[in-house]
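So the structure is just underneath, and the comments pick up after that.
Laboratory data are not the source of any read-out in this text; all were calculated from the coordinates shown. Quantities reported herein were computed from a predicted structural model and do not represent experimental measurements. When we count neighbours, we look across all protein chains shown, and the Cβ atoms used for this are built from the backbone with ideal geometry, even at glycine.
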Ligand SMILES: [Zn+2]
Ligand SMILES: [Zn+2]
């Protein structure tokens, strides 16, 4: 393996480790800032490119939410909660409903690989904060 190849393999591993170490669905920018702590020479472009490669290869997953895309260490299919006030993304504690995929397939003939669900609303921290603000 040549030096350049070795460096890019190392960088990809570093980006992967960073995503796997965070369980809060970070943005690409947050991953870039974390990665910079461990490798100060890594560029934003390299981090973004590796995030795309890792998503394509299925080593990480990515969640599309109304603001910036988020990255997820979890590879199993699950739903998300998105706080429209602070942008927080959490996992929804309900099982993935495979029956819905089957139902759509039977009714439309469409071959469904998966569905994605994002529940939008206010997280408990934001609800508390907003209530406090109203009382002041
Ligand atoms: Zn919130
Ligand atoms: Zn998730």
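List of remarks:
- Residues in the range 107-136 that are in contact (Cβ under 8 Å) with a residue 24 or more places away in the chain, within 20 Å of the chain's Cα centre (by Cα) and either surrounded by 10 or more Cβ atoms within 10 Å (Cβ to Cβ) or within 16 Å of ligand 1 (Cβ to nearest atom) (or both): 116, 117, 118, 119, 120, 121, 122, 123.
- Residue count for the range 23-34 satisfying the condition of being surrounded by 13 or more Cβ atoms within 10 Å (Cβ to Cβ), within 25 Å of residue 76 (Cβ to Cβ) and out of contact with any strand residue (DSSP E or B) (no Cβ under 8 Å at 6 or more places or on another chain): 2.
- Apart from one condition, residue 93 fits all of (1) in contact with a helix residue (DSSP H, G or I) (Cβ under 9 Å, 6 or more places away or on another chain); (2) surrounded by fewer than 16 Cβ atoms within 10 Å (Cβ to Cβ); the exception is (1).
- All positions within the range 1-22 that are over 13 Å from residue 73 (Cβ atoms) and not in a helix (DSSP H, G or I): 1, 2
- Subset of the range 25-83 (residues that are more than 24 Å from residue 10 (Cβ to Cβ), within 16 Å of ligand 1 (Cβ to nearest atom) and in contact with a helix residue (DSSP H, G or I) (Cβ under 8 Å, 6 or more places away or on another chain)): 68, 83
- Residues that are near ligand 2 (Cβ under 8 Å from one of its atoms) and over 8 Å from the mean Cα position of the chain (by Cα) were ranked within the range 59-78; the one that is surrounded by the fewest Cβ atoms within 10 Å (Cβ to Cβ) is 74.
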